[in-house]
Structures are given as C-alpha cells and as structure tokens.
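Shown next, in structure tokens, is the structure this report addresses.
Rule-based calculations on the coordinates, nothing more; no lab input. For clarity, every value in this text was computed on a predicted model and none was experimentally measured. Here the Cβ positions follow ideal geometry from the backbone for every residue, glycine too, while neighbour counts run over all protein chains shown.
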Amino acid sequence: MNLLEKSLVELSTLIKNKEIKPSQVVETFVERTEKFDTKIRAYVTHLLEQALEEAKEKDEKLSKLENIPDLFGIPIAVKDNISTKGIRTTCSSKMLENYLPPYDATVVEKLKQADYILIGKTNLDEFAMGSSTENSAFFTTKNPWDLERVPGGSSGGSAASVAAGLVPAALGSDTGGSIRQPAALCGIVGLKPTYGRVSRYGLVAFASSLDQIGPMTRYVEDSALLLNIISGYDKRDSTSENIEVPDFLEEIKKDIKGLKVGIPKEFFTKDLDSSIKEKVFDGIKLLEKEGISVEEISLPNAVYAIEAYYIIAPSEASSNLARYDGVRYGYRAKEYKDLDEMYSKTRDEGFGAEVKRRIMLGTYSLSSGYYDAYYLKAQKVRTLIYRDFMSAFKDVDAIITPTTPDTAFKIGEKSSNPIQMYLSDIFTVSINLATLPGISIPCGFKDGLPVGMQIIGKPFDESTILRLAYRYQQLTDFHKQIPNID
Ligand code: GLN
C-alpha cells in the first residue's frame with residue numbers, strides 16, 4: 001500500500017479501522033522529508049524525531065482506544081506564523097528567530113484535540129508579507145515542480161511540502177492570497193475560510209481585519225475534514241463568529257446540479273494569459289456538464305482591490321508590528337547608546353526590506369494629513385468591493401476566476417520589482433477585502449507547471465465552494481499528480 005498517495009481522510013479511516021499504525025504513516029513521510037527537503041527547503045523547523053516518537057506512543061494507545069479521533073497519528077505541518085507552545089515560531093524573521101511561544105494557537109489546540117502529530121513548521125515570507133517566500137529571512141523554498149521557481153507565498157513552505165508529498169496536509173494563513181496563490185502555483189488545494197470562521201488567536205498578526213488560517217491539502221475532502229476541525233467560535237478572538245459549523249464532509253457530497261455560478265468579466269480581460277483562461281474555462285465547462293448554470297457578472301470595483309489592499313494591509317501591519325521593539329520579546333540589537341537607538345537599531349537589524357517597506361507605507365497612510373486621502377479612501381473602496389460581491393451573490397451561488405495571472409515564476413524574477421510581485425495577488429485580494437471564503441484547486445498544467453482555479457463563496461458558505469471543488473476533483477486527476485523531484 002502506497003501511503004503517500006492516500007488522502008488524509010483515507011489515512012484517518014485506515015488508522016481508525018486499525019489497518020495501519022501511526023508509525024507506518026509517520027515513517028513514510030519522515031523518510032520522504034529526509035530525502036527531499038534538502039532540495040525543497042519547505043521547513044524552518046523539522047520535528048521528525050519527535051514525530052516518530054509520538055507515533056510510537058500512539059501505536060501503543062491505538063489498540064486500547066475505542067473512539068479514535070480524526071487525526072490520530074497523522075502528521076501535519078504548520079506555517080511558522082502560527083504559535084506552537086514551546087516550539088520555535090519565527091515568522092521567518094530574524095526578529096523572532098529564537099522565539100518560543102508560551103501558548104498554542106487555538107487551531108493548534110484543536111489539532112491536538114484531534115490527536116495530530118506536528119511534523120514541522122513551514123517557511124514563509126517574513127511575517128507573511130510576500131508572494132514567493134523569497135522574503136523569508138532564512139532561505140527561499142523551491143517549487144517541487146521546478147526547483148528554479150518559487151512555490152508562491154506567503155505560505156510557500158506549506159504548499160511545497162504538501163505538493164512534494166512530504167506531508168498529507170498543512171495549515172497556512174491568507175491575508176491577501178497567501179493560501180490560494182501558493183496552492184495554485186504548487187498544484188494543490190488551498191482554502192481561505194470566511195473571515196471569522198477560524199480563530200486567529202495565536203496567529204501572529206499581519207493585517208488583523210484580513211488574516212485567516214486555512215487548510216492546504218491535495219484533496220478537497222481533506223480540506224473539508226480540516227475545516228471541520230479548526231472552525232468555530234473562540235472567545236479569545238473577538239472577531240471570531242459565533243455561528244454554526246456545518247459538517248463539511250457531509251456537505252461536499254451534495255449534488256451540484258442547479259447551482260448558479262458567476263464569471264466576473266473584470267477577471268477575464270484580454271490581458272489574461274490565454275492558457276490560464278483556457279484551463280479555467282475547461283473547468284467551468286466540465287462543471288456545466290454536471291448541471292450548473294453559468295452567467296457573466298460584473299464586479300466593477302474589483303479592479304481597485306490591489307490599490308486598496310496595499311494601503312489597508314500595510315496600515316494594519318505598521319500598527320501590529322510596533323510590538324517588536326526589543327523590549328518585550330524577540331531580537332534586540334547588541335550595541336546602542338540609548339533607548340531610542342536601541343529601538344531603531346533593533347528594528348533596522350531585525351526586519352527585512354519588505355517588512356520595512358510595509359511599515360513605512362502603513363505609517364504614511366495613517367499619518368494625520370494623509371489619513372483621509374489614503375486610509376479612509378481605501379476603506380471606502382473596500383466597502384464598494386464588498387457591495388459588488390453581495391449584489392452579485394443575489395443572482396449566483398458562487399463565482400469562478402483564475403487564482404493567479406500566471407504559473408510559478410523564476411526565483412529572482414520579481415524580487416526587485418515590488419509592484420510586479422504585488423500583482424501576483426490580483427485575483428485573490430478582493431476576496432479578503434470582502435471577507436469571503438475562497439478555494440483554489442488544480443485545474444491543469446501549462447508547460448508542466450500547475451494552474452489554479454478559484455471558487456469564491458458567500459460569507460460562511462464554504463459548503464458550496466467545497467461542494468463544487470469536490471465534484472470537480474471526482475472528474476479530474478490533476479491533484480493526483482506528484483512532481484518528480486529526483
Ligand atoms: N502577497 C500578499 C502580500 O504580500 C498577501 C500575503 C498574505 O496573504 N499573507 O501582502
């Protein structure tokens with residue numbers, strides 16, 4: 001039995017039926033990680049030894065247990081901006097290089113309750129700011145489909161580890177596309193839940209009104225299973241919503257016949273790469289054969305999403321990152337004359353160029369005199385974008401777009417041009433601004449590199465997008481392909 005090919009749901013069933021042991025599963029993925037992660041570099045911290053030990057303990061327990069939790073003995077990777085008690089959580093920043101959180105994020109607590117095994121913490125763009133993992137203070141993760149290319153970002157480590165088969169699933173975070181864009185570039189499934197669906201407690205804050213944690217997997221059913229586990233109200237996150245969590249694993253099985261899908265004309269302009277357009281339309285046609293209907297819609301303000309996002313996200317970041325001052329925790333400069341110099345040297349040495357750029361952009365937009373012209377204006381645009389989506393959702397159940405304007409780019413290709421880099425998120429940021437759920441699923445290959453299709457849903461209607469995505473995966477096998485890394 002090749003465990004690498006199994007979905008999380010299948011692994012879970014095999015363990016529950018006591019047909020395989022946790023140590024068999026963990027050994028399989030540990031072996032593969034030892035073999036390939038020197039090339040991919042998906043992890044900031046490996047916990048391989050610890051994972052093997054935990055698996056052995058779980059082997060013992062398994063024989064005695066009657067009710068076996070869903071993730072019993074299954075290895076999962078967690079993005080390194082999600083707090084893990086006593087385990088280094090760096091945000092891929094020099095600022096937090098040696099930071100050991102004194103508590104677990106709520107999502108990690110929930111994974112622990114489901115008896116998962118943490119196999120490592122994955123690389124990201126520093127503080128989740130970027131689209132390629134090139135902004136990591138440590139190293140760049142490689143795309144398993146082509147080691148000269150980026151895996152996308154900021155959850156590039158999580159995406160690459162799942163795509164390379166180093167782990168069956170990982171958690172990422174998405175502020176403007178950081179789950180969906182790397183999922184598309186690595187050919188896996190990435191889900192950004194509705195804002196408020198999953199607790200942000202313990203997620204290191206980048207832009208608090210946009211950040212969400214979500215699952216990164218190869219199979220849609222695994223995304224549904226993980227969403228079941230990590231969702232739910234948390235009184236420690238004041239923005240988490242006290243709303244019922246459906247059983248997404250049941251929801252995905254429902255028929256898609258009769259669903260109405262909108263195709264926003266602003267996302268399919270003549271500038272869009274023709275093969276990306278073709279693959280996404282092939283996907284839509286396939287779903288049409290299954291009984292969905294399709295209509296063109298308009299989201300007129302979506303064209304301003306990048307501009308609004310790059311005012312709002314840096315503004316919030318500049319405020320959130322004020323805490324790294326060398327006093328409380330994290331890095332502190334070694335030499336300084338006085339307190340002021342300690343602050344400035346700490347921040348100068350501890351943060352990388354992109355983080356500094358965002359802090360400067362943000363403090364500028366928030367400063368008196370510019371606040372109305374930039375921050376307030378961007379907030380108004382955000383409201384207009386939200387209203388566009390809400391009015392479209394009066395007619396349609398979901399919206400389909402490409403996830404990214406192109407496939408994975410070469411390492412170094414965009415790193416000296418921030419605007420080019422920011423445009424990687426042109427199709428994903430509006431969804432965060434509008435607080436909506438969005439999923440990216442593999443829908444084909446262009447010159448051997450994966451292409452992603454994005455399905456966007458109404459607030460708290462992850463069920464419908466997962467349902468469409470699940471049906472799509474039953475009809476295709478793009479997600480089953482594993483890159484040849486040797
Ligand atoms: N690439 C976007 C940015 O750099 C989105 C990042 C994210 O979603 N964390 O801000």
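On full extension of the chain, what length is gained from Y329 through D282, given 0.36 nm per residue of separation minus the C-alpha to C-alpha distance?
Result for the pair: 11.8 nm of gain on full extension.
May I ask you to derive the relative contact order of the range 54-122, considering only C-alpha pairs under 8 Å and at least 6 residues apart, and to give it as an integer percent?
Relative contact order of the range 54-122: 39 percent.
What is the distance in Å between the Cα centres of the range 24-89 and the range 266-303?
39
So, R0 is 45 Å and r is the distance between the beta-carbons of S275 and E5; what FRET efficiency does that work out to, to 0.05?
Calculated value: 0.95.
Taking Cα pairs under 8 Å and at least six residues apart, what relative contact order does the range 284-399 come out at, in percent?
Contact order relative to length: 38 percent.
Given points 7 Å out from each Cα along the Cα-Cβ axis, report the E19 to T239 separation in nanometres with one decimal.
4.3
How large is ³J(HN,Hα) for each residue in the range 357-367, as worked out from phi by the Karplus curve 6.51 cos²θ - 1.76 cosθ + 1.60 (θ = phi - 60°), to whole Hz, x for Gly and Pro?
In residue order, the calculated couplings are 4, 5, 4, 5, 4, x, 5, 5, 5, 8, 6 Hz.
At 0.36 nm per residue, minus the direct Cα-Cα distance, what do D372 and Q474 gain on full extension? Give it in nm, one decimal, please.
31.8 nm
In whole angstrom, note down how far apart the Cα centers of the range 335-368 and the range 181-255 are.
Result: 32 Å between the Cα centres.
Using a 10 Å cut-off around each Cβ, can you sort M421, M95, M360, M216 from fewest to most neighbouring Cβ atoms?
Going from sparsest to densest Cβ surroundings: M360, M421, M95, M216.
Apply the a/c threshold of 1.5 to the C-alpha gyration tensor of the range 139-296 and tell me whether it is rounded, prolate or oblate.
Taking the square roots of the gyration eigenvalues as a ≥ b ≥ c, the range 139-296 is oblate.
Could you pull out every one of the lysines with an alpha carbon less than 18 Å from that of K254, ignoring same-chain neighbours closer than 8 positions?
K289, K458
Relative contact order, percent, of the chain when contacts are C-alpha pairs under 8 Å separated by at least 6 residues?
Rounded, it is 17 percent for the chain.
Please say if the range 71-224 is rounded, prolate or oblate, where rounded means a/c under 1.5 for a ≥ b ≥ c the square roots of the C-alpha gyration tensor eigenvalues, and otherwise the choice is prolate for a/b larger than b/c and oblate otherwise?
rounded
Applying the Karplus parametrisation 6.51 cos²θ - 1.76 cosθ + 1.60 with θ = phi - 60° to the phi angles of the range 25-35, what ³J(HN,Hα) value in whole Hz is obtained for each residue in order, glycine and proline being reported as x?
Result, rounded to whole Hz: 5, 5, 4, 4, 6, 5, 4, 5, 5, 4, 6.
Can you list, bin by bin at 5 Å, the percent of alpha carbon pairs in the range 253-318, starting at 0?
4, 14, 17, 17, 16, 12, 10, 7, 3, 0
Amide H neighbours of K260 under 5 Å, at least 5 residues apart or on other chains, H built in the peptide plane: list them.
Close amide H contacts, sequence-distant or interchain: S293, D397, A398.
Would you grab the residues whose amide H sits under 5 Å from the one on G452? Only those 5+ places off in sequence or on another chain, please, with H modelled 1.01 Å from N.
T403, T404, C443
If the chain were replaced by its equivalent ellipsoid, with semi-axes equal to the square roots of 5 times the Cα gyration tensor eigenvalues, what would those be, largest first, whole Å?
Its equivalent ellipsoid spans semi-axes of 31, 30, 21 Å.
Once phi is turned into θ = phi - 60°, what whole-Hz ³J(HN,Hα) does the Karplus curve with 6.51, -1.76 and 1.60 give for every residue of the range 480-486, x standing for Gly and Pro?
Each residue's phi maps through the Karplus curve to give 8, 6, 10, x, 8, 8, 3 Hz.
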